[in-house]
Structures are given as structure tokens and as C-alpha cells.
1. With at pLDDT 95 or above and on the phi < 0 side of the Ramachandran plot as the only criterion, which of GLY71, GLY59 stands out?
2. Taking the residues in the stretch 30-80 that are surrounded by 22 or more Cβ atoms within 10 Å (Cβ to Cβ) and among the acidic types (Asp, Glu) as candidates, determine which candidate is farthest from THR105 (Cα to Cα).
3. Pull up the stretch 359-388, narrow it to residues that are among the acidic types (Asp, Glu) and in a loop (DSSP other than H, G, I, E, B), then point me to the one that is nearest to the chain's Cα centre (by Cα).
4. So, in the stretch 237-274, exactly how many residues are assigned to a loop (DSSP other than H, G, I, E, B) and either within 23 Å of ALA221 (Cβ to Cβ) or not hydroxyl-bearing (Ser, Thr, Tyr) (or both)?
5. Conditions: (1) touching a helix residue (DSSP H, G or I) at 6+ places or on another chain (Cβ under 7 Å); (2) within 30 Å of THR369 (Cβ to Cβ). ILE101 meets all but one. Number of the miss?
6. What number goes with the only condition from (1) part of a helix (DSSP H, G or I); (2) loosely packed, with under 13 Cβ neighbours inside 10 Å that ALA93 does not pass?
7. With respect to GLY352, is the statement that it is open to solvent by less than 30 Å² (accessible area, probe 1.4 Å) and in contact with a strand residue (DSSP E or B) (Cβ under 9 Å, 6 or more places away or on another chain) true?
8. Kindly establish whether PHE362 is open to solvent by 10 Å² or more (accessible area, probe 1.4 Å) and aromatic (Phe, Trp, Tyr).
Amino acid sequence: MHAQRPSADDAVVKKARAIHERVIALDTHNDIEPANFTTARNYTQRLDTQVNLPKMIEGGLDASFFIVYVGQPSLTTTPDALTPAGYARAYRAAIEKFDAIHRLTEQLAPDRIQLALTSADVRRINASGKKVALIGIENGYPIGEDIRRVQEFYNRGGRYLSLAHNGNNQLSDSNTGEREGYKWGNGISPLGKEVLAEMNRVGLMVDVSHPSKGSMMQAAALSKAPIIASHSAARALCNVSRNMDDEQLRALAKTGGVIQVVAYPTYLKTPKPDVPERAALLAALRTEFGLPTAATGASAATDLAAALRTLSPERRAEYDRRLKSIDVSYPPDRTTVADLVNHIDYVVKLIGIDHVGISSDFDGGGGITGWNDASETFNVTLELVKHGYSESQIAQLWSGNLLRVMDKVQAVAKELQGQKK
């Protein structure tokens, strides 16, 4: 009896696993909730969150940008949102998230995860066998009108910041302006330009994922350092306002920056409509569990993800079980890891591999078949190997490009700080 020879697929998996173990897999966008950073409930446990330490270890996700995100209320429902009172509320919410991340790395699990402030920190912490935490700031809204908060947020560990999120604010117009109109003529406000200059001075990477196209193009022209898109994809392949068109991608590359292609299902491909029977069953299930019933669209997915996090573990397990039964009867139009890498392929061919990275937007609506939480991170490396990327290229995509930009941004800051005022 002859021994069975390993298949070609086995060889590819073996090759990918070896590469995955050697590279630093860094995800630039993972949302958090402070309630998951307490002594009773935290990331040392295998929570129902898409990211936590057990899942990072299982999937070989080495480094994560945890996100200080503060949503911007509608002026219709919260008329004082863009006033000192609104900014004060946003600032408090931001500090709560900064404190939560520091609590994880300094009190709850300092022996398992540490905060990195530089690329050298990332490499040192990874070499020590610990996981790496970094901090990104999603939405400049909490800055209010106090430019000193740029330096404060940097001192608290922030290493990138987006001027806006969903909704025009005091600093910049948002991608949502395409349907809602713009406050600053599809661009950056005078205060926002001052904030951007201060970000260059202190060493905060400028993130252009959520601002409008006009704002992004202005940021590319104004920034003295490379810019990043922390979680976006290619608009040529999926025409949504959160993605970047070819003109934007070329402008980003011209700064020396990087786009972190995101595993957000509706940014990677336009989903086919659910069959009526599936749509009705999903609506009934969500109503029963007190969840938003809107079935499609990026904002709907984000709202659903947030609502799911409010369910108890038992309720969430029951919801997932019921959803799985619907999926068996009426299989959904899934977005897969192959779709993610197709976007990576497109951007690499357009602007070069030096300007492309990877992100998930986990716990903020991200997650696709094959990479639905941190425990499945290896599957991205496997798909990259299947698409013909070499180990050195995969190392660039997973972290090398982003860390290079981080170094350059901090070098520019040092130069600016050394200049006479």
C-alpha cells in the first residue's frame, strides 16, 4: 500500500503557514467598546467580539490598531452637536476609549499585549512573543475647536486621525456629503487645515478613509507627510462613496502613502438583492431580537453590528443559530477573502505594491467569509499566496508599508519641530 502523496493544495497551505508565521500581520482598523475592557470582561477572554487576544493568537494576527471612535450625532436630533457642549461630550467619549486601551495594555494583560508608539516598538513587541496594540482615532470631531488636542491625542498614543467620519463636521466634509451635501464645499475647513498642519508637526498620520473626495484630495496636496486610508477599497470595483477612485489612489501614492484595503463586505462588492423569502425571514428575526431591520448598505451593516454587541452572549448565540438556519435554506450572496484580494490586486496594479496594506474594520461592520474574525487571519495570507504574492510582498502588505509610512510621518514631524517658528 503506497503512502498518499501531499496534494498541491497541501503544499500551498504549508507554504502560506510558514510565511504567515514569519511576517507581522497588522490590521489597521478594529473598533472597541470600553465595556469590553473591564476586570470582569476583557480581551483576555474569548468574547463574542471579532477581535480579542485568544482569537488574535489563534489566527496569527500580531498587531491591531484599536480605534478611538466617536460618532457624530445628526444635527436634526442633536442640534448642539457642533457646539462647545457637543464637542465636550465627544471629547469625554474619546478619552474613555483611550483609557480603555491603556487599561488593557498596562493593567489587564501587560504580559500578553503592549502598546506600540513607533515601528520599532511594533517589531520589538512582536519579537518578544506579545501581541501589539496601536491606537487610531476615527473622527476629528472630539478635537472640537481646540487645536491643542492634536498634541494631547498623540501623547495619549494616537498614531493616526481622520478629520471626519460619517457626517460633515467642524474640520472637514465627509463621504456622506455625496448624498447629503457639503458644509465646506467638498473640502477641509480653515480650522481643519490648521489641524492637519498640526498633525504633521506632532507625527499623527492623516487618515483619509471617511472624508469626502474633495477633502481627501486637499489633504494629499496639503500634507507634508504621506497620508493613509486606514480602511477603504477600490471604487472602480465597488462604487460606494467610502471607496477611493483611481484619481484618489494615484494622489495618495504620490504622497508616499498607503491604502489599507478593508474586509468590509459592501465595500468589496455590490451584493445581489436577497430573495423575498430570505428578506422576510431576516426582517422577522431582527425584529424579534430588537435589531435594525434595514438589510443592505454600509451604514445599515454598521448599525446592525453595534446592535448585536448589545445582546447577551446567550441571546447572541441564539440569534446566530437562527440566522444559520436561514442561510442553509436561502444561501446569502457572500463576500469572500477572494474578493478582498481582488481589490488588493487592482490597487497593486494601479499604484504599486508599496502603497497597499490590509485592514478588517472588525467590530465595526467588517468581516467576510474566510476572514470573519481575528481567528481566521491566516486565510488572507493563504489567498495572497494563491494569487502569486511572494513572502516579501506579503510582508509589505501586512505591515511593512504601513510601518514605513509611520516612520516617515514621525521623521517629518521631527524636521518640522526642529524648524524655527
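The values are calculated or read from the model by the stated rules, or taken from the named source; none is laboratory data. A quick note: this is a predicted structure, and the numbers were derived from the prediction, not measured. Neighbour counts run over all protein chains shown; Cβ positions are idealised from the backbone, glycine included. Calculation scope for accessible area: heavy atoms of the full protein, side chains included, ligands and nucleic acids excluded. Shrake-Rupley method; radii C 1.70, N 1.55, O 1.52, S 1.80 Å.
1. Values: GLY71 fails: at pLDDT 95 or above.
From the options GLY71, GLY59, the qualifying one is GLY59.
2. The selected residue is ASP31.
3. Filtering the stretch 359-388 down to residues among the acidic types (Asp, Glu) leaves 361, 363, 373, 376, 383.
Now narrow it down to the ones that are in a loop (DSSP other than H, G, I, E, B): 361, 363, 373.
Numbers: ASP361: 4, ASP363: 9, ASP373: 13 Å.
For the stretch 359-388, the residue satisfying everything is ASP361.
4. Step one: list which residues in the stretch 237-274 are assigned to a loop (DSSP other than H, G, I, E, B), which gives 237-243, 245, 255-257, 263-264, 269-274.
Restricting the remaining residues to those that are either within 23 Å of ALA221 (Cβ to Cβ) or not hydroxyl-bearing (Ser, Thr, Tyr) (or both) gives 237-243, 245, 255-257, 263, 269, 271-274.
The qualifying residues number 17.
5. Condition (1) is where ILE101 drops out.
6. (2)
7. Working: open to solvent by less than 30 Å² (accessible area, probe 1.4 Å): yes; in contact with a strand residue (DSSP E or B) (Cβ under 9 Å, 6 or more places away or on another chain): no.
Against the criterion (open to solvent by less than 30 Å² (accessible area, probe 1.4 Å) and in contact with a strand residue (DSSP E or B) (Cβ under 9 Å, 6 or more places away or on another chain)), GLY352 does not qualify.
8. On the way: open to solvent by 10 Å² or more (accessible area, probe 1.4 Å): no; aromatic (Phe, Trp, Tyr): yes.
No.
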